[in-house]
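Here is the structure we will look at.
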Amino acid sequence: MKERICRMLKQLRLKQPLVHCITNPISINDCANGLLAVGARPMMAEHPREVSDITGHAGSLLLNLGNITDVRMESMALAARAAMAAGVPVMIDLVGVACSGLRRAFALDLLDEIHPAVLRGNRTEIRAMQENIHADGVDVTREDEAGTEAYLTAARQLAARYDTVVLTSGAADDVTDGSRHIRVLGGSELLAHVTGTGCLQGALIAAYLTVGASLEAAVCGAAVLNAASSAVLPGVSGPGSLHGALPDGLWNLTPEQLCKYCEIEESL
């Protein structure tokens, strides 16, 4: 798997695909700069009257449910339909579905209509899609953070239910298609203290969907962010400096650094 991910790192820089992102204003700039740093071309359009045209000519589509609005909900549904019609792979980031009934219902409605390549969320968000639990914010609950592994069961069930790949983010990122399970380790602990790094991970996954299969793209997006954060760590003194250093880490990331700073474990 590592060899394949290293090839994808190079393939993306050569291909320079257009990645259409409908995301939240909190992390939109970080996602755009992160995509540019790995070789993709970001497009952050969200007007309902233009998203279908843009998605139809994109390499992939990212739908991020953070800070949701009526306009973005309308645009996401339109773009998702356009993606299905054009064969464009879709990455859905399930931000806040554990704390918002509106977002959860919207995500479930989308999944009834389209077939995403990858679903992404933290442990509590993934559980919420299966168990209808409720959290008090977008952070993972203490129960899920403690590693009860109920989230792994939920992830497998969700992947099988929608015939998709599910990435569950955390101290380790777990990726499953319902049968295979791959764990991505590494990365700086400071990532959890920088707003929007999860959104950035989702954007990277969307980018790598243009050069690889769903499972590979999810693993690659997680591995690239982890390795980049570790590579810049010697010059980082806290969350603020990590935030500023991440684009450089992504820009300068080499296959050798990817192998050095990231560990990938696979099990059935």
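Using a Gaussian network model of the chain whose springs link C-alpha atoms within less than 10 Å, name the residue from LEU61, LEU200, LEU36 with the highest mean-square fluctuation.
Residue with maximal mean-square fluctuation among LEU61, LEU200, LEU36: LEU36.
Mean-square fluctuation check for the chain, GNM, Cα pairs under 10 Å: which of ILE126, ILE205, ILE26 is largest?
ILE26
Roughly what would the spin-label model give for ARG180 and THR69, points 7 Å off Cα along C-beta, in nm?
It is 3.9 nm.
Give the accessible surface of the chain per residue, rounded to a whole number of Å², with probe radius 1.4 Å and ligands, DNA and RNA excluded.
41
Just to be sure I understand: with springs between alpha-carbon atoms less than 10 Å apart, which residue in ASP136, ASP30, ASP93 has the highest mean-square fluctuation in the Gaussian network model of the chain?
ASP136
From largest accessible area down, sort LEU102, LEU78, LEU65; use a 1.4 Å probe on the protein chains.
Largest accessible area first, the list is LEU102, LEU78, LEU65.
Of VAL90, VAL211, which has the most accessible area with a 1.4 Å probe, and how do the rest follow in descending order?
Putting VAL90, VAL211 in descending order of accessible area: VAL211, VAL90.
Taking only C-alpha pairs under 8 Å that are 6+ residues apart, what is the relative contact order of the chain in percent?
The normalised contact order for the chain reaches 19 percent.
For LEU65, which sequence-distant residues (separation of 5 or more, or a different chain) have an amide H within less than 5 Å of its own amide H, given hydrogens modelled in the peptide plane?
Counting only residues 5 or more places away or on other chains, the set is ASP93, VAL95.
Within the chain, what percent of beta bridges assigned by DSSP are antiparallel, to the nearest 5?
Around 40 percent of the beta bridges assigned by DSSP in the chain are antiparallel ones.
At a 1.4 Å probe radius, which order do HIS57, HIS20, HIS181 fall into by accessible area, largest first?
Greatest to least solvent exposure: HIS57, HIS181, HIS20.
Amide H to amide H, which residues 5 or more places from ARG41 or on other chains are under 5 Å from it, using H placed in the peptide plane?
Sorted by chain and number, the residues that satisfy this are LEU18, VAL19.
Normalised by the residues of the range 119-235, what does the relative contact order come to in percent, with Cα pairs under 8 Å and at least six apart?
21
May I ask you to give the percent of accessible area on the chain that is carbon plus sulfur, with a probe radius of 1.4 Å?
In the chain, the share of accessible area belonging to carbon and sulfur is 50 percent.
For a Förster distance of 35 Å, can you work out the FRET efficiency between the beta-carbons of SER267 and SER237, rounded to the nearest 0.05?
0.45
The values are calculated or read from the model by the stated rules, or taken from the named source; none is laboratory data. No experiment lies behind these values; they were computed from the predicted model shown. FYI the Cβ positions are ideal-geometry reconstructions off the backbone, even for glycines, and counts take in every protein chain you see. In case anyone asks, the SASA skips ligands and DNA or RNA and just uses the protein heavy atoms, side chains included. Shrake-Rupley method; radii C 1.70, N 1.55, O 1.52, S 1.80 Å.
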